[in-house]
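The values are calculated or read from the model by the stated rules, or taken from the named source; none is laboratory data. As the structure is a prediction and not an experimental result, all values here were calculated from the model. A quick note on method: Cβ atoms are made from the backbone with ideal geometry, for glycine too, and the neighbour counts reach across all protein chains shown. Surface areas here come from the heavy atoms of the whole protein model, side chains and all, with no ligands, DNA or RNA. Shrake-Rupley method; radii C 1.70, N 1.55, O 1.52, S 1.80 Å.
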Amino acid sequence: MGEIAALIAAGAFLLLVGALAVPILRLRHTIDAATRTINDINDRTGPILGNVNTTVENVNTALTQVHTTLDGVNLQLARVDTITTHASHVTANVANLATVVTAAAANPLTKVAAFGFGLRRAAARRKAEEEESQLRSRLKQERKQRRRGGE
């Protein structure tokens, strides 16, 4: 009777091993497929990252070119500011000269009054021009400092 029990136990153990072998083999196939998928993803990720690096380098190059262009534009704007300031001075001088010529052409009493008025007006304009020039200069320096601070 002990031999039959041992034989039954051996058969049951054999059935248990057989029943466990099938899921273990399927699990092995699943793990192999997951490993192949991961390796495939690794193989495809390398070139994509290389393309991303190239794109980032191209963007950095473009940004450097834009920065250089903006520096050139700012330089030209500074030159235009200088030209505008000079044109303003010339206009003021011509206006002052016209005032003096008009005053010189009138009768003597009017001449004196007009000359005094012209002098006051010229002094006021000159003062306004100096204040405007100082303001423009201060604004230019502030822009330069902001550009330096932003770099």
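Axis angle, to the nearest 10 degrees, between helix 2-105 and the longest C-alpha principal axis of the chain: 0 degrees. GNM remark for the chain: springs join alpha carbons under 10 Å apart, and the peak mean-square fluctuation among 58, 39, 74 falls on 39. Ordering 11, 33, 54 by the projection of their Cα atoms onto the charge dipole of the chain, which places +1 on the Cβ of Lys and Arg and -1 on the Cβ of Asp and Glu, puts 54 at the extreme positive end. Using a simple spin-label model with pseudo-atoms 7 Å out from Cα toward Cβ, residue 66 and residue 7 lie 8.8 nm apart. Shown for the chain: the carbon plus sulfur share of the solvent-accessible area, taken with all protein chains present and a 1.4 angstrom probe, equals 66%. Calculated over region 10-151, the projected area of the Cα convex hull averaged across directions stands at 16.4 nm².
Which aspartates and glutamates does residue 144 reach when only Cα atoms under 13 Å apart count, and residues fewer than 8 places away in its own chain are ignored? Cross-link targets: 71.
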